[in-house]
Amino acid sequence: MKKSNNPRPRVGFHAPIKGGLHEALIVAKDTGCDTVQIFSRNPRGWMAKPLTESDIATFRKTRRLTKIRPVLVHCNYLVNLAAADELMLEKSRASFREEVERAILLGVDYLVVHPGSARGSCEAEGITTCSASLNAACRGLEMGKLRILLENTAGQGECIGHRFEHLREIMDACPTLKLGVCFDTAHAFTAGYDIREDDGLQALIQKIESTVKTKNVRAIHFNDSRAVYNSRVDRHWHIGQGHIGEDALRRVAQHPRLAHAAFILETPYDDPRADLQNLNMLKSFVSS
Ligand SMILES: [Zn+2]
Ligand SMILES: [Zn+2]
């Protein structure tokens, strides 16, 4: 067999958990995915139904059978680890700790989280608060193989994490957590990293290398953008139909420095056929 230095990237999408968490693994397998991302709970509520022994056993067994890897959990949307408000910060840290505990119980590989919004303070303070939150929320937990991935943001509102330098600072402030990175293409584009042309992508790869390092980019949220360049607006869109475009996204999917990462589609669910179309496009990019 021919040996390649650049194995084909693993591909998958954010799958629904309506039929139970393990159903997402089955859907991923049935659609020819290697990897998958899920929520481990309702992403828009503070309260999470505790995982039962049976939920955990079924999930782990289905995981062994389907061999889907890596499995990513995306943190719920209410958590704000950079919150300036004391009460919000306390709730966020508790909820994030619960997310980490659930991810450990399920035996998943990665937990993806946005660094948060510094509304009411400033970016520098938001970065410090986020780092302290990560350390506090994980204190005393046996993380095992679970790795937390910081996602770059569009910089909407007062969200931190729209520069890779922010992520580097947070990683440096949490040395025991060995944080990784999830690179969202749509967020980077609207945050002002112009990846439409090859030289722009090369510049971004250089930026990532000199800050968080490409080897720490364990996942890529592979999305086109409905929002225009540098707008700081977060609107994912179907592959090839947004402002980033097919050629630019193909270059991302085929970049040798990113080939080790799990490529996850987070394109809109408006039409189930669109999901498969997006997946087929991603598959065609990585195998050509
Ligand atoms: Zn996200
Ligand atoms: Zn994302």
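Computed from the coordinates by the stated procedures, all read-outs in this text should not be read as laboratory data. In this text the structure is predicted, and so the values were computed from the model without any measurement. Every residue, glycine among them, receives a Cβ derived from its backbone with ideal geometry; neighbour counts consider all protein chains shown.
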| task | Two decimals is fine: what is log10 I(q)/I(0) at q = 0.15, 0.20, 0.22 Å⁻¹ for the range 158-198, from a Debye sum with one equal scatterer on every Cα and no solvent? | result | -0.43, -0.67, -0.77
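Let a ≥ b ≥ c be the square roots of the eigenvalues of the Cα gyration tensor of the range 10-270; is it rounded (a/c under 1.5), or, if not, prolate (a/b larger than b/c) or oblate?
Oblate is the answer for the range 10-270, as a/c is 1.5 or above yet b/c matches or exceeds a/b.
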| said: Under 17 Å from a point placed 7 Å out from the Cα of Ile104 along the Cα-to-Cβ direction: which residues of the range 121-157 have their backbone N that close? | reply: 133-149
| Fewest-first ranking of Glu98, Glu90, using other Cβ atoms within 10 Å as the exposure measure | Glu90, Glu98
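Taking the Cβ of Val36 as the centre, find all other residues whose Cβ is under 15 Å away and add up their charges (Lys, Arg: +1; Asp, Glu: -1).
+4
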| said: Run the count for the range 10-270, please: Lys pairs, Cα-Cα under 14 angstrom, 8 or more apart or on different chains. | reply: 7
| field | Most mobile listed residue (Gly12, Gly144, Gly200) in the chain, GNM with C-alpha springs under 10 Å | value | Gly144
| message | Given R₀ = 22 Å, what would the calculated FRET efficiency be for Leu87 paired with Met143, taking r from the Cβ atoms and rounding to 0.05? | response | 0.20
| query | In debye to the nearest 20, how big a dipole does the range 232-288 give about its Cα centre with +1 on each Lys and Arg Cβ and -1 on each Asp and Glu Cβ? | reply | 260 debye
| query | Suppose R0 equals 51 Å; then what is the FRET efficiency for Lys61 and Asn230 from their Cβ-Cβ distance, rounded to the nearest 0.05? | reply | 0.65
| message | As I understand it, the dipole of the chain uses +1 on the Cβ of Lys and Arg and -1 on the Cβ of Asp and Glu, about the Cα centre. Which of Val100, Cys159, Pro70 lies farthest toward its positive end? | response | Pro70
| field | Dimensionless Rg ratio for the range 102-249, taking C-alpha atoms and the 2.2 N^0.38 Å reference | value | 1.05
| query | About the Cα centre of the chain, what is the dipole size in debye to 20, counting +1 per Lys and Arg Cβ and -1 per Asp and Glu Cβ, all else neutral? | reply | 1220 debye
| said: Checking the a/c ratio against 1.5 first, then a/b against b/c, what shape does the Cα gyration tensor give for the range 36-77? | reply: oblate
| request: Just add up the charged neighbours of Val181: K/R +1, D/E -1, any other residue whose Cβ is under 11 Å from the Cβ of Val181. | output: +3
| query | Rg and Dmax of the range 133-213, using alpha carbons, in Å: what are they? | reply | 13.9, 45
| query | Under a GNM of the chain (C-alpha, springs under 10 Å), which listed residue has the highest mean-square fluctuation: Pro268, Pro175, Pro256? | reply | Pro175
| request: Find me the longest stretch of the chain that has none of the exposed trypsin sites (Lys or Arg not before Pro), where exposed means in a DSSP loop (not H, G, I, E or B) with at most 13 other Cβ atoms within 10 Å. | output: 179-288
